[in-house]
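All remarks here apply to the structure that follows.
The values are calculated or read from the model by the stated rules, or taken from the named source; none is laboratory data. Not measured: the values here are computed from a predicted model. Glycine also receives a Cβ, built like all others from the backbone with ideal geometry; neighbour counts cover every protein chain displayed. All accessible areas refer to the heavy atoms of the entire protein, side chains included, with ligands and DNA or RNA removed. Shrake-Rupley method; radii C 1.70, N 1.55, O 1.52, S 1.80 Å.
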Amino acid sequence: MKSMRILLIMIVAWASASLAEAHAFLDHAEPKVGSTVAAPTEVKLWMTMGLRKASTLQVLDASGKEVDGKDVRVNEETMAVSVPRLGAGTYTVEWKAVASCGHKTSGTFVFVVK
Amino acid sequence: MAVIAFHSLTNKLQAHGFEGDRFFPPTPTTDDPFATDEFAMPTFSFFNTPASADGTEPKTHQIDLSTEFDKEIFPKFSLGVTVTYIFLKPEGQLGTSGFDNLSFSAKYQVLESAKHEFILSVGGEIDLGGSGSKLIGAESYSTYTPMFYYGKGFGDLPNALKYLKPFAVTGTLGYAIPGEAGNADGSLNPDTLQWAFALEYSVPYLQQHVEEVEWLKPFQNWIPLVEFQMNTPVNRGNGFTTGTINPGVLYEGGRFQIGAEAQIPVNGSTGPNVGAVFQVQIFIDDIFPKVFGHPIFFNKDDEK
């Protein structure tokens, strides 16, 4: 039992010591997830861990057409893309994150321009 | 239909249970539908078994300590093993302990829809008779349980119901067939329908995909849930449905997940006492990404 307890403590300590090799999830975004905003000039995402340059970010209008500037910038834990002046409507943000360790995650959310 | 497709090869490093935007966390008492690498260590369960009606068996305190390991063998197919050590302390008697029978499982993901956050898997479990200790009452016969596993997230609800989108359910439906119909003492071993499900409300899903709610920020890694674990005998004298309702919460910690639940008996046939279960789930694909998180055979990355 003692060796099992030591093994358990080692694993939990290792697992909790660092998130350096975990999956990258969305921490928060600007515009905020589900928010209604005046026309933004860019969409920026803060992820839970560092990203590789292969990460992607797109902004789509209600018809599914990509409306961003296709100039995704990935910098450590953030990725951003510029957007032209957006008209009123609902926009979908699609992101695919490749974490620094190679783990892939993806997600979507919407924001509304008033 | 394109949205529901039979599987092609899996993506590397997707050992977590994702379907579209949805992350289905492994839950303490309901097996999830994903055939991925998983390592639950440990799962502690505490509960008290009431004294038998005829007084021959005293009230017993029981602690189960179990470990489950699952490995994806080829894309969408995994094999697993569960080892459980049981401590028993009957009131007024000396305690005893020992291993329960080994349990082996197999699972294959047959249907998925990322758009509808849906997954269906088939598989089964074998409880290997005689592999455990007689001291703790491990059966001498094997039990075979073919099973369905499913998961459904509600992210495809209309926006008018957006606050319901974080809800998800995972469940299992199995038919347990004991290898022996009866025991030496004349008691019968009925086949049982094993049905279980977990209903969860994912705060991470709400924050990441529906609406960032400022006051929920401190809880953005928490998933409240309630699990239902039921057994219904179907032959050999039948008997009553027994089971527990388990309200609790999960905490997502990056490389690990912690879960804690109460276990509330659904009826008098189950027992009068509330138990508890506590589980640490290690995401081994995060800790050992080169070893876990991809199948042993037909790994898509190996083809590159």
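If the condition is being among the polar types (S, T, N, Q) and farther than 30 Å from B:Thr172 by Cα, then the stretch B:78-107 contributes B:Gln93, B:Thr96. Here the condition is being of a type in the set (Lys, Arg) and either open to solvent by 50 Å² or more (accessible area, probe 1.4 Å) or in contact with a helix residue (DSSP H, G or I) (Cβ under 6 Å, 6 or more places away or on another chain) (or both); of B:Lys107, B:Lys115, B:Lys71, it holds for B:Lys115 alone. The condition (being out of contact with any Gly (no Cβ under 8 Å at 6 or more places or on another chain) and at pLDDT 95 or above) is satisfied by just one residue among B:Tyr175, B:Tyr144, B:Tyr150: B:Tyr175. Of the residues making up the stretch B:126-150, those that are touching a Ser or Thr at 6+ places or on another chain (Cβ under 7 Å) and in a loop (DSSP other than H, G, I, E, B) are B:Leu128, B:Gly129, B:Gly130.
Note on the stretch B:193-218: residues that are part of a helix (DSSP H, G or I) and either away from chain A (no Cβ under 14 Å) or among the charged types (D, E, K, R) (or both) total 2. May I ask you to verify whether B:Ile136 is of a type in the set (A, V, I, L, M, F, W, C), touching a Leu at 6+ places or on another chain (Cβ under 6 Å) and over 30 Å from B:Glu19 (Cβ atoms)? It is true that B:Ile136 is of a type in the set (A, V, I, L, M, F, W, C), touching a Leu at 6+ places or on another chain (Cβ under 6 Å) and over 30 Å from B:Glu19 (Cβ atoms). Limited to the stretch A:36-78, what total is found for residues that are surrounded by 14 or more Cβ atoms within 10 Å (Cβ to Cβ) and part of a strand (DSSP E or B)? Qualifying residue count, the stretch A:36-78: 15. If only residues of the stretch B:129-161 that are in contact with an Asp or Glu (Cβ under 9 Å, 6 or more places away or on another chain), hydroxyl-bearing (Ser, Thr, Tyr) and surrounded by fewer than 20 Cβ atoms within 10 Å (Cβ to Cβ) are counted, the one that is nearest to B:Leu94 (Cα to Cα) is B:Ser133.
One residue is enough: does the stretch B:178-192 have a residue meeting the conditions within 14 Å of chain A (Cβ to nearest Cβ), buried (at least 20 other Cβ atoms within 10 Å of the Cβ) and under 20 Å from B:Thr30 (Cα atoms)? Scanning the stretch B:178-192, I find no residue that is within 14 Å of chain A (Cβ to nearest Cβ), buried (at least 20 other Cβ atoms within 10 Å of the Cβ) and under 20 Å from B:Thr30 (Cα atoms), so the answer is no. Exactly one residue out of B:Lys217, B:Lys290 is of a type in the set (Lys, Arg) and closer than 28 Å to B:Tyr163 by Cα: that is B:Lys217. In the set (1) open to solvent by 20 Å² or more (accessible area, probe 1.4 Å); (2) modelled with pLDDT of 90 or more, the condition left unmet by B:Glu38 is number (2). Scanning the stretch B:278-304 for residues that are more than 8 Å from every other protein chain (Cβ to nearest Cβ), at pLDDT below 80 and touching a Lys or Arg at 6+ places or on another chain (Cβ under 8 Å) yields B:Phe292, B:Asn299, B:Lys300, B:Asp301.
B:Gly237 - would you say it is open to solvent by 50 Å² or more (accessible area, probe 1.4 Å), more than 20 Å from B:Lys76 (Cβ to Cβ) and outside any strand (DSSP E or B)? So B:Gly237 passes the test. Scanning the stretch B:242-282 for residues that are buried (at least 18 other Cβ atoms within 10 Å of the Cβ), in contact (Cβ under 8 Å) with a residue 40 or more places away in the chain and part of a loop (DSSP other than H, G, I, E, B) returns a single hit, B:Gly271. Would the stretch B:1-24 turn up any residue that is farther than 29 Å from A:Lys96 by Cβ and modelled with pLDDT of 85 or more? Scanning the stretch B:1-24 turns up no residue that is farther than 29 Å from A:Lys96 by Cβ and modelled with pLDDT of 85 or more. Could you identify the single residue in A:Ala38, A:Ala62 that is more than 10 Å from chain B (Cβ to nearest Cβ), under 29 Å from B:Pro218 (Cβ atoms) and over 11 Å from the mean Cα position of the chain (by Cα)? Just a single option satisfies the conditions, and that option is A:Ala38. Here is the figure for the stretch B:149-163: residues that are away from chain A (no Cβ under 13 Å) and of a type in the set (Ser, Thr, Tyr) total 2. For the subset of the stretch A:99-109 comprising residues that are of a type in the set (A, V, I, L, M, F, W, C) and at the interface with another protein chain (Cβ under 8 Å from one of its Cβ atoms), which member is most open to solvent (accessible area, probe 1.4 Å)? Filtering first and then ranking leaves A:Cys101.
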